[in-house]
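Everything below concerns the one structure shown next.
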Amino acid sequence: MRQLWAWFWRPSTTIGLGVLLVLGGFGGIIFWGGFNTAMEATNTTEFCITCHEMQDNVYQEYKQTVHYKNASGVRAGCSDCHVPDPWVHKTVRKIYATRELYHHFAGTIDTPEKFEAHRAELAQRVWAAMEASDSRECRNCHSFEAMDFSKQSAEAAKQMQQAHTQGETCISCHKGIAHKMPDLSTGYKKAWEDIVALAAAAPSEAGTVYTIATLPAFMTAEDAAEGGRGAGSLLPATGLEVLERGDEALKVRLNGWQQDGADRVIYALKGRRIFQGAFRPDAVEAIERHDTIVDEDTDLTWHRVSLDLYVQPGGLIADRQRLWDYAGEMHVASCSTCHSLHEPEGHLANQWIGVLDSMERFITLDKDQTRMLQKYLQMHASDVVEEVSHDG
């Protein structure tokens with residue numbers, strides 16, 4: 001091997017430099033042409049569907065979409081959407097794609113059941129790549145500048161022009177346009193199962209616990225143990241200070257803020273309509289007021305208050321971050337399929353109420369899930385984060 005290597009690099013004594021340059025040039029052209037031809041061959045849809053994972057799943061879905069068959073007769077193949085056109089990006093994508101060969105031979109997604117199990121993960125990976133490239137492949141065929149908005153529906157034209165003005169990227173609003181949308185609820189549903197199991201294990205020894213869902217509250221331990229007349233309801237992710245522990249009931253203290261004219265509701269923060277609990281009139285009489293403050297911006301009067309209550313164990317955990325992680329996954333799954341994701345800090349706490357009210361008919365969350373999502377968004381809103389950071 002060493003002798004072969006030495007021979008390879010030894011200067012020629014019989015062939016002229018010009019001949020070597022010509023031969024090297026022709027060799028380079030042949031190599032480049034062969035390499036490029038092979039790369040382009042792997043860009044065809046016919047090549048992509050030689051793997052049955054593609055042939056049996058996403059290809060069949062794609063054939064039912066406008067990218068496959070349309071009035072203008074223009075067809076976008078697999079590579080048009082999934083392979084960059086610039087050479088460097090294309091080469092990087094091809095190298096990255098070699099991992100797909102491993103999963104093909106390993107049988108990771110070789111049945112429809114396996115494919116569906118991984119669909120959400122696969123889709124989110126593609127969406128993330130398209131977000132990162134500003135939907136570069138989409139823009140090979142589509143551009144805002146070439147659009148005739150007068151030929152679009154009024155709503156479509158409005159949304160497209162708004163997206164253009166705000167610098168949105170194509171994939172933010174057009175997920176599922178070529179393939180079936182995955183079920184993104186799997187992640188947060190699994191997180192919820194873990195939370196329920198954690199809450200059912202045992203009452204926490206921590207001084208503060210948090211409701212995992214809407215929880216009935218009672219004025220006496222007997223009512224809590226027997227499921228008697230309730231004092232009201234505690235909303236999801238509400239913090240409670242544990243005062244006494246019993247086998248059938250916990251005595252807890254709810255701290256928060258009460259607004260004049262809305263005595264039956266306790267909020268998490270002054271000036272923010274972040275609901276902690278709503279109570280019956282007899283429970284309201286037991287609320288203890290500590291401080292009274294007039295908000296300079298709104299002239300509304302707020303009272304810092306506390307209320308001692310009894311709750312049944314089993315619906316409380318000590319780790320609120322588990323709730324935020326669950327709600328965060330729910331936020332992504334519910335609010336990023338039709339448009340770009342609005343981050344929690346993108347709105348004020350009180351604004352999130354109206355935003356969710358307007359979007360509730362488009363999402364498939366139940367009432368308690370919506371309440372949890374609203375609490376998460378409000379507690380991570382820009383004005384709440386700023387206030388907590390300032391106070392801290």
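When the helices (runs of 4 or more DSSP H) confined to segment 124-234 are screened for residues that are more than 21 Å from the chain's Cα centre (by Cα), of a type in the set (Asp, Glu) and surrounded by fewer than 13 Cβ atoms within 10 Å (Cβ to Cβ), those reaching at least 1 such residues are found at 154-166, 221-226.
Looking only at residues in segment 235-255 that are among the charged types (D, E, K, R) and part of a loop (DSSP other than H, G, I, E, B), the one that is surrounded by the fewest Cβ atoms within 10 Å (Cβ to Cβ) is Asp247. The residues of segment 285-308 that are out of contact with any helix residue (DSSP H, G or I) (no Cβ under 8 Å at 6 or more places or on another chain) and either in the same structural domain as Asn350 (by TED's automatic domain parsing) or crowded, with 18+ Cβ neighbours inside 10 Å (or both), listed by number, are Ile287, Trp302, His303, Val305. Please count how many residues of segment 256-273 are in a strand (DSSP E or B), buried (at least 16 other Cβ atoms within 10 Å of the Cβ) and either out of contact with any helix residue (DSSP H, G or I) (no Cβ under 7 Å at 6 or more places or on another chain) or aliphatic (A, V, I, L, M) (or both). Number satisfying all stated conditions: 9. Take the conditions within 26 Å of Leu373 (Cβ to Cβ), among the acidic types (Asp, Glu) and surrounded by fewer than 19 Cβ atoms within 10 Å (Cβ to Cβ) and apply them to Asp319. Does it pass? When the stated conditions are applied, Asp319 passes them. Cβ separations smaller than 9 Å between residues 6+ apart or across chains give the following pairs from segment 47-71 residues that are closer than 13 Å to Pro112 by Cα and free of Cβ contacts under 8 Å to residues at least 60 places away in the same chain to residues that are among the basic types (Lys, Arg) and not in a loop (DSSP other than H, G, I, E, B): Asn57/Arg119. Residue count for segment 274-314 under the criterion of being of a type in the set (Lys, Arg) and under 16 Å from Leu234 (Cβ atoms): the result is 1. When every residue of segment 20-43 is checked against the conditions, at least one turns out to be modelled with pLDDT of 70 or more, of a type outside the set (Lys, Arg) and in a loop (DSSP other than H, G, I, E, B).
Do we have any residue at all in segment 312-333 that's assigned to a loop (DSSP other than H, G, I, E, B) and either within 30 Å of Arg125 (Cα to Cα) or touching a Cys at 6+ places or on another chain (Cβ under 6 Å) (or both)? Yes, there is a match, as at least one residue in segment 312-333 is assigned to a loop (DSSP other than H, G, I, E, B) and either within 30 Å of Arg125 (Cα to Cα) or touching a Cys at 6+ places or on another chain (Cβ under 6 Å) (or both).
Taking segment 297-334 as the range and being among the charged types (D, E, K, R) and under 25 Å from the mean Cα position of the chain (by Cα) as the test, the residues that pass are Asp319, Arg320, Arg322, Asp325, Glu329. Only one of the numbered conditions (1) over 23 Å from the mean Cα position of the chain (by Cα); (2) over 21 Å from Lys175 (Cβ atoms) is violated by Arg93, and that is (2).
The values are calculated or read from the model by the stated rules, or taken from the named source; none is laboratory data. Keep in mind the model is a prediction, meaning the values are calculated, not measured. Positions of Cβ are backbone-derived with ideal geometry, glycine not excepted, and every protein chain shown enters the neighbour counts.
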